[in-house]
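Student: Here it is, the structure, as structure tokens.
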Amino acid sequence: MPLPYVPTGAVPEPVVELCRRFQQAGFRAWVVGGSLRDILLDRPTGDWDLATSATPKQVMGIFEQVIPTGIDHGTVTVLFGGEPYEVTTLRGEGGYSDGRRPDRVFFIDDIEGDLARRDFTVNALAFDPLDGGLIDPFGGLADMAMGRLQTVGVASERFSEDGLRVLRAARFAATLEFQITDDTQAAMTQCLDVFAKVSPERVRDEWLKAFTARAPSRAFEVMRATGILGVTCPELMQQVGCVQNSYHAHDVWTHTMVCMDACERGPIHRLAGLLHDIGKPATRQLSDKTGDYTFYEHERVGAGIAERWLQRYRFSNHERDQVVDLVRHHLVCYTPQWSAAAVRRFIKRVTPERIDDLLALARADALAKGRDVGEELQQLEELAERVQQELAAGAVLGTRDLAISGRDVMQRLGIPPGRRIGEILEILLQQVLDEPALNQRERLLGAVDALGRGEP
Ligand code: ATP
Ligand code: MG
């Protein structure tokens, strides 16, 4: 008799079939972990995690295609019907002495023992799709119903075993929109030294997962309150209480949180929202004239801080370039007086690939001022339209789009390859940005002649 908790059909047929194969071979298998949690919460499920009574060797005997992904820890990946499934043998764990991984794992034969080593109650359930049995030894279902996140067992012990867990707690608070219980959150603040041992790659991956939440600020508020944010990024911590000026209702931190939540174009956009004002605490100065704070060049200083941080946390070069560019250009000082040439220069500076992200960041940044920004938003809308018009008109934005090439410049002036050629093309591009009609071969060659004669 299936229990009502797991809706019929929620576990896809191939997963049920996989469990049946285990049964036919004399073993058992359960759906566990995030996939079960997400079914129960009616959220989209990611990867399917399975627990089994079969040892990795036995799993390899049952299925044809098995990849020994983490065989030392009892985990293999079974390819079944073309899909990968992570299958882990029921296990217990010996002590943790490095705060990262158990000193030893040993296989056990009861599912409850396996669930006991898991991090949070909502992640410590198991479901057998063949008999419909749901195993919930730690009250995971009740916590789900209450939107509550707490550890399995004594929080301080569980967090000191594995430093990653505090960050997972912050992430789940955001993605599941759950409240961390007081006991669990209090224990998080005491485990900063263990958290400090977590590898940068794992921190990066958790942050990226947190960014998928509707409001990632929920994760970052937990990181701030518990102090783990200070371990990963002290510059963000300095934003807390960093009062701004008359344009802003919030301190830099709250402004940053609201801005990040409003950046909805994917993880890179979230990251840009999070880091856009990272240069503010370091550049804040009180103006003698206005008696208000200024943040002179904070976008340039911030781009430098962001670049070093993204490198340290092993983001790819491409991700780093995107975020750093968005931070560097996030101050859009548009006024309706901008000429068409100014709009084209703006697109060139930001690049057409980044322009939509940047305009959306500028919108989020304006909204996060917490003041009436109707006029600013309207102007950004106008800028976005003018940008679209220029792009649709095929505006020349790079030297490669010019009607002549470097070779033409060399021939015309009789000079050898070298830096000067690039400089001349750049000057021509500036002229074409001002006056698009100049982009014709004959007119450009005339302009090259003039440059050759030393005319400006
Ligand atoms: P998601 O897949 O959405 O990131 P998840 O909870 O499935 O979330 P996984 O890393 O896939 O996370 O892990 C699967 C399960 O393994 C978890 O649900 C949990 O039961 C257990 N688990 C994962 N990481 C830890 C950990 N650091 N400490 C204890 N148990 C863990
Ligand atoms: Mg998972």
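Student: Give me P(r) over the chain, computed from all C-alpha to C-alpha distances, binned every 10 Å, as integer percentages.
Tutor: Answer for the chain: a P(r) of 4, 17, 21, 19, 15, 12, 8, 3, 0, 0 percent.
Student: Which order do W309, W338 take by accessible area at a 1.4 Å probe, largest first?
Tutor: On the way: W309 15, W338 50 Å².
Largest accessible area first, the residues go W338, W309.
Student: If I stretch the segment between L79 and D131 completely, what's the gain in nm (0.36 nm per residue apart, minus their alpha carbon distance), one decimal? Display every interim value, and only then the final one.
Tutor: Values: separation 52, 0.36 × 52 = 18.72 nm, distance 2.37 nm.
Gain on extension, L79 to D131, equals 16.4 nm.
Student: So, by mean Cβ neighbours within 10 angstrom, what's the order for 105-114, 50-59, 320-329 with the highest one leading? Provide the component values of the computation, followed by the final result.
Tutor: Details: 105-114: 15.8, 50-59: 20.4, 320-329: 22.2.
With the highest mean Cβ count within 10 Å placed first, the list reads 320-329, 50-59, 105-114.
Student: With only Lys, Arg, Asp and Glu charged, each at its Cβ (+1 for the first two, -1 for the last two), find how big the charge dipole of the chain is about the Cα centre; round to the nearest 20 debye. List each step's numbers first, then the result.
Tutor: Values: 52 positive and 66 negative charges, 250 e Å.
Dipole size: approximately 1200 debye.
Student: Could I ask something else about it? Over the chain, average the accessible area per residue using a 1.4 Å probe and give it in Å², no decimals.
Tutor: On the way: 21600 Å² over 456 residues.
Per residue, the chain has an accessible area of 47 Å².
Student: Could you tally up the Lys pairs in the chain with alpha carbons closer than 30 Å? Skip any pair fewer than 8 positions apart unless they're on separate chains.
Tutor: Count of close lysine pairs: 9.
Student: Please report the carbon-and-sulfur percent of the accessible area for the stretch 301-456; probe 1.4 Å, protein heavy atoms only, DNA, RNA and ligands left out.
Tutor: Details: 3920 of 8250 Å².
Taking all protein chains in place, the stretch 301-456 shows 48 percent carbon and sulfur surface.
Student: If you line up the Cα atoms of the stretch 105-245 on their principal axes, what length do they span on each, largest first, in Å?
Tutor: Taking max minus min along each principal axis of the Cα atoms, the stretch 105-245 gives 62, 30, 26 Å.
Student: Would you work out the relative contact order for the stretch 13-138, in percent, from Cα pairs under 8 angstrom that are 6 or more residues apart?
Tutor: Numbers: 225 pairs, mean separation 29.7, N = 126.
The value is 24 percent.
Student: In addition: Working from Cα positions, state the angle (0 to 90°, nearest 10) between the long axis of helix 317-328 and the longest principal axis of the chain.
Tutor: 60
Student: At a probe radius of 1.4 Å, what is the per-residue accessible area of E353, in Å² to the nearest 10?
Tutor: Rounded to the nearest 10, that gives 140 Å².
Student: Roughly how many debye, to the nearest 20, is the charge dipole of the stretch 37-98 about its Cα centre, given +1 on each Lys and Arg Cβ, -1 on each Asp and Glu Cβ, and no other charges?
Tutor: Values: 4 positive and 10 negative charges, 36 e Å.
For this selection, approximately 180 debye.
Student: What's the angle, to the nearest 10 degrees (0 to 90), between helix 340-350's Cα axis and the longest principal axis of the chain?
Tutor: Rounded to the nearest ten degrees, it is 40.
Student: Sticking with this structure for a sec: Report, to the nearest 10°, how far helix 374-392 tilts away from the longest principal axis of the Cα atoms in the chain, using its own Cα long axis and a range of 0 to 90°.
Tutor: The angle comes out at about 70 degrees.
Student: Still on this structure: Quick one: if you stick a label point 7 Å off each Cα along the C-beta vector at R371 and R308, how many nm between them?
Tutor: Those two pseudo-labels are separated by 3.1 nm.
Student: Below 8 Å, C-alpha to C-alpha, sequence gap of six or more: please give me the relative contact order for the stretch 246-395 in percent.
Tutor: Working: 176 pairs, mean separation 41.6, N = 150.
So the answer I get is 28 percent.
Student: If you roll a 1.4 Å probe over the stretch 147-232 with all protein chains in place, what percent of the accessible area is carbon or sulfur? Can you show the working numbers first?
Tutor: Working: 1400 of 3180 Å².
Solvent-exposed carbon and sulfur of the stretch 147-232 make up 44 percent of the total.
The values are calculated or read from the model by the stated rules, or taken from the named source; none is laboratory data. None of the values given here were measured: they were computed from a predicted structure. Every residue, glycine as well, gets a Cβ built from its backbone with ideal geometry; the counts of neighbours run over all protein chains shown. All accessible areas refer to the heavy atoms of the entire protein, side chains included, with ligands and DNA or RNA removed. Shrake-Rupley method; radii C 1.70, N 1.55, O 1.52, S 1.80 Å.
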